[in-house]
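The values are calculated or read from the model by the stated rules, or taken from the named source; none is laboratory data. Keep in mind that this is a model prediction, so the values were computed, not measured. Don't worry about glycine lacking a Cβ; one is built from the backbone with ideal geometry, like all the others, and counts go over all protein chains shown.
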Amino acid sequence: MRKLVVNAYQRQTQINRNIYGHFSEHLGRCIYEGIYVGEASPIPNTNGVRNDVAQALKRVRVPVLRWPGGCFADEYHWKDGVGGKATRKKMINTNWGGVVEDNSFGTHEFMDLCRQLDCAPYINGNMGTGSVQEMQEWAEYMTFDGTSPMADWRRANGSAAPYKLPYFGVGNENWGCGGNMTAEYYAGEYRRYQTYVHNYSGNQVQKIACGPSDADYHWTEVLMREAGKYMDGLSLHHYCFSGKLALDLSETDWYSLLNSALLMDEMIRVHKGIMRRYDPQGRVGLVVDEWGAWHKSEPGSHPGFLYQQNTMRDAVLAAVTLNIFNKHSDRVRMANIAQTVNVLQALILTEGEKMLLTPTYHVFDMYKDHQDATLAASFVQQEITGGEHPVPDLHESASVTADDTLTITLANLSADKPQDIDTIIVGHDFKDVSAVILTSEMSGHNTFENPNKVAPEAYTDLLRTDMGVKFQIPPRCVLKLSLR
């Protein structure tokens, strides 16, 4: 029997709710058809935003939403997406499928989406093909309450009051699709561009610099050394590539992808160490604003749209990644899974008027009580499994909410072995304990014909003990305990 120990006396940092953030890019059917169908659509909507999708996202308490990209951001010219829709300029989405972007979803539509979701907007500015003036004017357009050409234009376009803009990214993946820059060159450009993203009319914007891809520690070193004092956050991107269709997986594939996901812990530790040398007070947050599984596009879909199915393997990947973020919440201040709807490791899939929730969605729903809770010290006895792709078989995190509920999230990464767990709780008295479980076969997934095949269920096979609770966790499983 394995020991799972939680010491609620040893409370650590607050888990920023933005760790549970999301990413919506003009890519494939994420925005159009997925989130936005237009006011004239027969699909029930509010100002063009699908009601079913909005309600589902509100249920998981989406805290922050990143837009408009991604690679799309560094070819996006915001002025094309405001004003009358009939006169908005059309463009070619050269990054994602070469399709026509009609700009019917722009700044005002995105801000209305965030209002409907009650979440914070995180906008990514165009450094790759945009000018300093263009970026400066976008910030002014959105947030200035005085008299100026940009503020007057916003009012003429229907928004009398300025928007609140808490987060602004200065470029995206500038080491790649955002300009193929060196770290040294980008650091200089970042310093110049961010200078003109002003705080207007009481708005306090946190500026997020383009950080590294994966384990590019040189990039972090240069950015923190040359531009750290000018930023509030540094981004990090890490994808787990399978090279196969989501449903085409063996036991080896199961462990290979989870092994890739667990690299997140090492990368965060090293990037944190570099950031600590230049920012020992921890002022600059690490923002993992793109992460998740990347499989081959589903047969019959446009290969440039990155539409993929979502299985129990993806759910476990999400669970261990969120556990990692929780445990690094001293420096990880935001994270944004890629992407919200119909793209990569989506929470939601749509097809016309139909909508389904993926296994990954259910993990976010199970984990939402960690938002703004206080991390508690925890430990679980692990054994290494996975053969040539070694992973620990168990992975956990724990937190205490403001109402003194202890939340424990535990994943069993083993493809075939259950584990008996003896939970020892220190420093937290509780009267009631409940559990929710998500489990299925490795390739278990939801379809429009069977949308609830993989869904969480109440788990009642719990035994109270003098020290905590005992239970068995099945293989390929995510489990949440709530102790009140």
Handout entry: Condition met for residue 370 (without any contact (Cβ under 8 Å) to a residue 60 or more places away in the chain and not aliphatic (A, V, I, L, M))
Key = no
Practice task
Answer yes or no: is there a residue in region 344-363 that is assigned to a loop (DSSP other than H, G, I, E, B) and hydroxyl-bearing (Ser, Thr, Tyr).
Solution key: yes
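Taking the condition of being over 25 Å from the mean Cα position of the chain (by Cα), within 16 Å of residue 48 (Cβ to Cβ) and modelled with pLDDT of 95 or more, how many residues in region 86-113 meet it?
Pass one, region 86-113, residues over 25 Å from the mean Cα position of the chain (by Cα): 86-92, 98-100, 102.
If we keep only those that are within 16 Å of residue 48 (Cβ to Cβ) too, we end up with 86, 88, 102.
Those left that are additionally modelled with pLDDT of 95 or more: 88, 102.
Number satisfying all stated conditions: 2.
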Practice task
Sort out which residues of region 433-480 are touching a residue at least 60 places away in the same chain (Cβ under 8 Å), of a type in the set (S, T, N, Q) and surrounded by fewer than 16 Cβ atoms within 10 Å (Cβ to Cβ), and write them in order of number.
Solution key: 447
Practice task
Determine, yes or no, whether residue 424 is free of Cβ contacts under 8 Å to residues at least 24 places away in the same chain, surrounded by fewer than 23 Cβ atoms within 10 Å (Cβ to Cβ) and not assigned by TED's automatic domain parsing to the domain that holds residue 366.
Solution key: no
Completion exercise
By residue number, the members of region 236-253 that are crowded, with 19+ Cβ neighbours inside 10 Å and among the small types (Gly, Ala, Ser) are 242, 246
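Going through region 230-273 one residue at a time, which ones are of a type in the set (Asp, Glu) and within 27 Å of residue 330 (Cβ to Cβ)? Explain how you work it out, then say what you get.
Just the residues of region 230-273 that are of a type in the set (Asp, Glu), to begin with: 232, 248, 251, 253, 265-266.
Listed by number, the residues that qualify are 232, 265, 266.
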Handout entry: Residue in region 395-410 that is of a type outside the set (Val, Ile, Thr) and farther than 21 Å from residue 10 by Cα present
Key = no
Exercise for the section: Give the number of residues within region 44-55 that are in contact with a strand residue (DSSP E or B) (Cβ under 6 Å, 6 or more places away or on another chain) and more than 23 Å from residue 107 (Cβ to Cβ). Expected result: 1
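Looking at region 254-270 only, could you name the residues that are surrounded by 19 or more Cβ atoms within 10 Å (Cβ to Cβ) and not aromatic (Phe, Trp, Tyr)? Walk me through how you get there before you give the answer.
Within region 254-270, the subset surrounded by 19 or more Cβ atoms within 10 Å (Cβ to Cβ) is 254-258, 260-262, 264, 267-268.
Answer for region 254-270, where residues must be surrounded by 19 or more Cβ atoms within 10 Å (Cβ to Cβ) and not aromatic (Phe, Trp, Tyr): 256, 257, 258, 260, 261, 262, 264, 267, 268.
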Exercise for the section: Give just the number: which of (1) more than 25 Å from the chain's Cα centre (by Cα); (2) over 23 Å from residue 304 (Cα atoms) does residue 50 not satisfy? Expected result: (1)
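For region 430-449, what are the residues that are over 17 Å from residue 478 (Cα atoms) and either aromatic (Phe, Trp, Tyr) or over 26 Å from the mean Cα position of the chain (by Cα) (or both)?
Going through region 430-449, the residues over 17 Å from residue 478 (Cα atoms) turn out to be 430-432, 447-449.
Hits for region 430-449 are 430, 431, 432, 448, 449.
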Fill in the blank from the handout: Only unsatisfied item for residue 324, checking (1) part of a strand (DSSP E or B); (2) over 12 Å from the mean Cα position of the chain (by Cα), is (1)
Handout entry: Subset of region 409-439 that is of a type in the set (A, V, I, L, M, F, W, C) and out of contact with any Phe, Trp or Tyr (no Cβ under 9 Å at 6 or more places or on another chain) - its residue that is modelled with the lowest pLDDT
Key = 430
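I'd like to verify a number: residues in region 114-134 that are within 24 Å of the chain's Cα centre (by Cα) and either outside any helix (DSSP H, G or I) or of a type in the set (A, V, I, L, M) (or both), how many? Spell out how you get there, then give the answer.
Of region 114-134, the ones within 24 Å of the chain's Cα centre (by Cα) are 114-128.
Now narrow it down to the ones that are either outside any helix (DSSP H, G or I) or of a type in the set (A, V, I, L, M) (or both): 117-128.
Total satisfying the criteria: 12.
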Problem - Close pairs (8 angstrom Cβ cut-off, 6 or more residues apart or separate chains): of a type in the set (D, E, K, R) in region 116-143, in a loop (DSSP other than H, G, I, E, B) and modelled with pLDDT of 95 or more anywhere - result: 134/77; 134/126; 140/148; 140/198; 140/200
Completion exercise
Screening 193, 200, 185, 217 for residues that are assigned by TED's automatic domain parsing to the domain that holds residue 336, more than 18 Å from residue 124 (Cβ to Cβ) and buried (at least 19 other Cβ atoms within 10 Å of the Cβ) leaves only 200
Exercise for the section: Please find, among 385, 401, the residue that is without any contact (Cβ under 8 Å) to a residue 60 or more places away in the chain and hydroxyl-bearing (Ser, Thr, Tyr). Expected result: 401
Handout entry: Filtered residues of region 245-272 (kept if over 28 Å from residue 225 (Cα atoms) and among the charged types (D, E, K, R))
Key = 248, 251, 253
Handout entry: Residue under evaluation residue 369, criteria (1) in contact with an Asp or Glu (Cβ under 6 Å, 6 or more places away or on another chain); (2) outside any strand (DSSP E or B); (3) closer than 30 Å to residue 35 by Cα, criterion not met
Key = (1)
Exercise for the section: Please name all residue pairs, on different chains or six or more residues apart, with Cβ atoms under 8 Å, provided the first residue is in region 84-98 and is under 20 Å from residue 109 (Cβ atoms) and the second residue is among the β-branched types (Val, Ile, Thr) and not in a strand (DSSP E or B). Expected result: 88/82
Exercise for the section: Those residues that are under 18 Å from residue 25 (Cβ atoms), surrounded by fewer than 17 Cβ atoms within 10 Å (Cβ to Cβ) and touching a residue at least 60 places away in the same chain (Cβ under 8 Å), I need them from region 44-79; list them, please. Expected result: none
